[in-house]
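Novice: Pasting in a structure now, in structure tokens, and then I'll have a few things to ask.
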Amino acid sequence: MRLLIMGPPGAGKGTQAVALAERIGGAHISTGDIFRANVAQETELGRTAKRFMDAGEYVPDEVTNAMVADRLAQDDAREAFLLDGYPRTLDQVAKLDEILNELGTQLDGVVALTVVEDELISRLLERAKVSGRTDDTEDVIRHRQDVYRAETEPLLAVYRDRGLLVEVDGMGTPDAVGQRIADALPSA
Ligand code: AMP
């Protein structure tokens with residue numbers, strides 16, 4: 001299976017993605033994790049990404065798209081993958097279509113987690129106390145929600161029109177949400 005998982009910052013996407021990738025037996029490809037690993041290793045890509053991440057902005061599409069194209073071409077992503085946090089812009093949707101086309105494959109579904117905004121902010125403020133993430137300050141948290149609404153929310157309609165969107169209520173415990181995802185994707 002080839003899936004995407006989407007949701008606003010704080011929706012619990014990362015936690016659910018790990019479990020879902022395991023269930024489908026595919027590569028878990030988190031663009032946020034790849035950027036953070038590059039920041040930690042102080043690579044050129046990491047230096048570029050860090051400026052945007054710290055400000056709560058998206059890393060430019062050409063940088064992100066090239067990174068994902070490389071990653072999807074690797075062996076462990078051939079049969080199944082879960083893309084986590086990509087695509088996030090309409091340009092990335094078009095690029096992903098191209099990449100999958102070239103690989104001779106296509107998406108089977110898009111899981112979108114929905115959580116009300118007040119809950120998102122309070123979860124992220126809670127996470128900020130323990131994560132040490134430089135993009136978890138209150139101003140940046142609020143900005144990331146605005147960027148999500150402007151840039152990423154429109155993607156839901158695109159995937160809904162394609163009949164791929166599976167919306168899952170992201171409120172409640174991680175286990176409860178995981179169960180809802182499993183129920184919504186019986187073949188995963
Ligand atoms: P995440 O861990 O998915 O919340 O991503 C953390 C940060 O990495 C985001 O706020 C962006 O700065 C950057 N990032 C991750 N994925 C993307 C993407 N698909 N496009 C642009 N920037 C991204």
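Laboratory data are not the source of any read-out in this text; all were calculated from the coordinates shown. Treat the numbers as computed from the prediction; the structure is a model and nothing was measured. Note that we place each Cβ from the backbone using ideal geometry, even for glycine, and neighbour counts take in every protein chain shown.
Novice: Rounded to whole Hz and in sequence order, give me ³J(HN,Hα) for the stretch 110-117 from the Karplus expression 6.51 cos²θ - 1.76 cosθ + 1.60, θ = phi - 60°, writing x for Gly and Pro.
Specialist: These are the phi-based 3J(HN,Hα) values: 10, 8, 10, 8, 10, 9, 5, 4 Hz.
Novice: What order do you get for ARG160, ARG2 when you list them from fewest to most C-beta neighbours inside 10 Å? Don't skip to the end; give the middle numbers.
Specialist: On the way: ARG160 14, ARG2 19.
Least crowded to most crowded, the residues run ARG160, ARG2.
Novice: Placing +1 on the Cβ of each Lys and Arg and -1 on the Cβ of each Asp and Glu in the stretch 1-80, which of LEU20, PHE35, LEU45 has its Cα farthest towards the positive end of the resulting dipole?
Specialist: LEU20
Novice: Could you tell me the calculated FRET efficiency between ARG160 and LEU103, based on Cβ-Cβ distance and R0 = 25 angstrom, to the nearest 0.05?
Specialist: 0.55
Novice: How high is the relative contact order of the chain, in percent, with contacts defined as C-alpha pairs under 8 Å that are six or more residues apart?
Specialist: That works out to 33 percent.
Novice: I'd like the Karplus ³J(HN,Hα) series for the stretch 10-26: coefficients 6.51, -1.76, 1.60, θ = phi - 60°, whole numbers in Hz, and an x wherever there's a Gly or Pro.
Specialist: x, 6, x, 4, x, 4, 5, 5, 4, 5, 5, 4, 5, 5, 7, x, x
Novice: Moving on. Once amide H atoms are placed 1.01 Å from N in the peptide plane, what residues at a sequence separation of 5 or more from ALA80, or on another chain, have their amide H within under 5 Å of its amide H?
Specialist: It is ALA27, by chain and number.
Novice: How far is it, in nm, from the label point at ALA66 to the one at GLU44 when both lie 7 Å from their Cα along the line to the Cβ?
Specialist: Label at ALA66, label at GLU44, 0.7 nm between them.
Novice: Compute the convex hull volume of the Cα atoms of the chain, divide it by the residue count, and report the result per residue in Å³ as a whole number.
Specialist: 113 Å³
Novice: Based on the Cβ-Cβ distance of GLU57 and ASP183, what FRET efficiency does E = 1/(1 + (r/R0)^6) give at R0 = 25 Å, to the nearest 0.05?
Specialist: The computed FRET efficiency comes out at 0.10.
Novice: In debye, nearest 20, what is the charge dipole magnitude of the stretch 32-106 about its Cα centre with +1 on Lys and Arg Cβ and -1 on Asp and Glu Cβ, if you could check?
Specialist: Approximately 240 debye in magnitude.
Novice: Using only the Cα atoms of the stretch 132-181, build the gyration tensor, take square roots of its eigenvalues as a ≥ b ≥ c, and label the shape rounded, prolate or oblate: rounded if a/c is under 1.5, else prolate if a/b is larger than b/c, else oblate. Kindly include the intermediate steps, with their values, before the conclusion.
Specialist: Working: a/c = 3.45, a/b = 1.25, b/c = 2.75.
Oblate is the answer for the stretch 132-181, as a/c is 1.5 or above yet b/c matches or exceeds a/b.
Novice: Let me ask something else about it. Let me spell out the model: positive unit charges on the Cβ of Lys and Arg, negative unit charges on the Cβ of Asp and Glu, origin at the Cα centre of the chain. What dipole size does that give, in debye rounded to 20?
Specialist: Details: 21 positive and 34 negative charges, 46 e Å.
I would put it at about 220 debye.
Novice: Ranking request for peptides 7-20, 169-182: highest mean number of other beta-carbon atoms within 10 Å first, then the rest in descending order. Mind showing how you got there, number by number?
Specialist: Numbers: 7-20: 20.6, 169-182: 15.4.
Ranked by mean Cβ neighbours within 10 Å, highest first: 7-20, 169-182.
Novice: DSSP loop (so not H, G, I, E, B), at most 11 other Cβ within 10 Å: list which GluC sites (Glu not before Pro) in the stretch 1-49 pass both filters. If you can, show how the numbers build up before the last one.
Specialist: Values: sites: GLU22, GLU42, GLU44; in loops: GLU42.
For GluC sites (Glu not before Pro) across the stretch 1-49 that sit outside H, G, I, E and B with at most 11 neighbouring Cβ atoms in 10 Å, the list reads GLU42.
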